[in-house]
Amino acid sequence: MSQTEVARMKSPLVPLATLIGREIRGEKVQEPYLKYGQAALAKKGEDYFLIKPDCQRIHANPSTSFSVFAIFDGHNGNSAAIYAKETLLDNVLSAIPQGSSRDEWLQALPRALVAGFVKTDIEFQQKGETSGTTVTFVVIDGWTVTVASVGDSRCILDTQGGVVSLLTVDHRLEENEEERERVTASGGEVGRLNVFGGSEVGPLRCWPGGLCLSRSIGDTDVGEFIVPVPHVKQVKLSNAGGRLIIASDGIWDALSSDMAAKSCRGLPAELAAKLVVKEALRSRGLKDDTTCVVVDIIPSDRPVLPPTPRKKQSMLTSLIFGKKSQNGSKTNKLSAVGVVEELFEEGSAMLAERLGKDIPLDANSGIFRCAVCQVDQPQSEGLSVNSGPFFSPSSKPWEGPFLCTTCRKKKDAMEGKRMSTPTVAL
Ligand SMILES: [Zn+2]
């Protein structure tokens, strides 16, 4: 008997029929475990990453554990990237009601991610520093993966069968028409740099500021139409698990999603991350900070990596994801091929659409909690469901939850409403 055969006998794979049987009988399928690795090459030193595999929903209760992986690609300095790395997770968690069950927690997570991103942005901008950062923020709880992102870092999912899917949306003006329209509608201008007597060069940027991205955290000196509201996607993997590749644009400018996934299949996560970086470097050279985090979500009863999938199935992938919509319209294509269950996807930049309509009310009457920053404020000072028409007569009444004065101002600024300079009729 060979070594491999011995290994296989010690840890037999659970037949699919058994797994399906368990699900039908309502038996709990064992939680997966994670293996992860990271690799990076610095050019400007503005890429940061976060690996926190030991978070807990309920303090000191290991059965409520979840993991967080994130990449922050800074620009015009590194302070926004560092600030987001240090504060974003806490800001997200503080927006989830205490004492939630696991299902409630996962359901509250997309909205909490929006609140946490916006809060982090407001706090950083109050520091008066001008740098900005992309964020790709991944929360893994059992088989459920939730990804929130602003900017052009990317997270892809490689599942068994060779289906590679994009869990993020690129917020690049050059490639995202919906975002160009939003920026223009909010009072920004989109165009290229003008040099040498009027000839246009480089990618599309928005003005004032000249940023190529349409969403980020920070960027105090750029128009408020560059918003921190993330695209959020939540999926539940099948019991076969999968691999996440999270990386900054140093990777994606050199490699397609398929190329990145293929370049490291069958290798353990630590080695995979190194290989993806090496592959990007080989094809493009070191032109930018290049950071990659690889996370394998592995079924507990299958201690070996899934075999390299056949090529034919990879072809299918490009077909499935070739025409993906840009800003998070709901799609069931992934679930249609039985790879994962799509739980949630939303990419709107409008807070009213992202925060829901319920109002978290404090027990004391008249005191409301801001849905973004979680600060308590008397209702008279903030923005509630009823104060919309009074507050801004020209626009639609606010239908979202209570916002404090600061977050209300932020919301209006992002949507291009200038409260301080009322329109004068001529
Ligand atoms: Zn607030």
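Some observations on this one:
- Comparison of R243, R180 shows that the only residue that is among the basic types (K, R), in contact with a strand residue (DSSP E or B) (Cβ under 6 Å, 6 or more places away or on another chain) and either under 24 Å from T144 (Cα atoms) or assigned to a strand (DSSP E or B) (or both) is R243.
Conditions (1) modelled with pLDDT of 95 or more; (2) under 21 Å from I246 (Cα atoms); (3) not assigned by TED's automatic domain parsing to the domain that holds V276, marked per residue:
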| residue | (1), (2), (3) |
| --- | --- |
| N91 | yes, no, no |
| A115 | yes, no, no |
| E129 | no, no, no |
| G132 | yes, yes, no |
| I140 | yes, yes, no |
| V150 | yes, yes, no |
| L166 | yes, yes, no |
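- For the stretch 92-120, filtered to residues that are in contact (Cβ under 8 Å) with a residue 40 or more places away in the chain, closer than 20 Å to K233 by Cβ and not hydrophobic (A, V, I, L, M, F, W, C), the residue that is farthest from the ligand (Cβ to nearest atom) is R102.
- Considering the conditions (1) under 20 Å from the mean Cα position of the chain (by Cα); (2) closer than 12 Å to L41 by Cβ, D288 is excluded by exactly one of them, (1).
- When each of K119, K43 is tested for being in the same structural domain as A273 (by TED's automatic domain parsing) and over 22 Å from K410 (Cα atoms), the lone residue that passes is K43.
- In the stretch 261-295, the qualifying residues are those that are within 17 Å of L166 (Cα to Cα) and of a type in the set (G, A, S), and the one that is surrounded by the most Cβ atoms within 10 Å (Cβ to Cβ) is A261.
- Matching residues, the stretch 60-84, being buried (at least 19 other Cβ atoms within 10 Å of the Cβ) and in a helix (DSSP H, G or I): A80, A81, Y83, A84
- Filtered residues of the stretch 85-119 (kept if part of a helix (DSSP H, G or I), farther than 20 Å from G400 by Cα and polar (S, T, N, Q)): T87
The values are calculated or read from the model by the stated rules, or taken from the named source; none is laboratory data. Predicted model only: the values in this text are computed from it and were never measured. We place every Cβ from the backbone using ideal geometry, glycine too, and count neighbours over all the protein chains shown.
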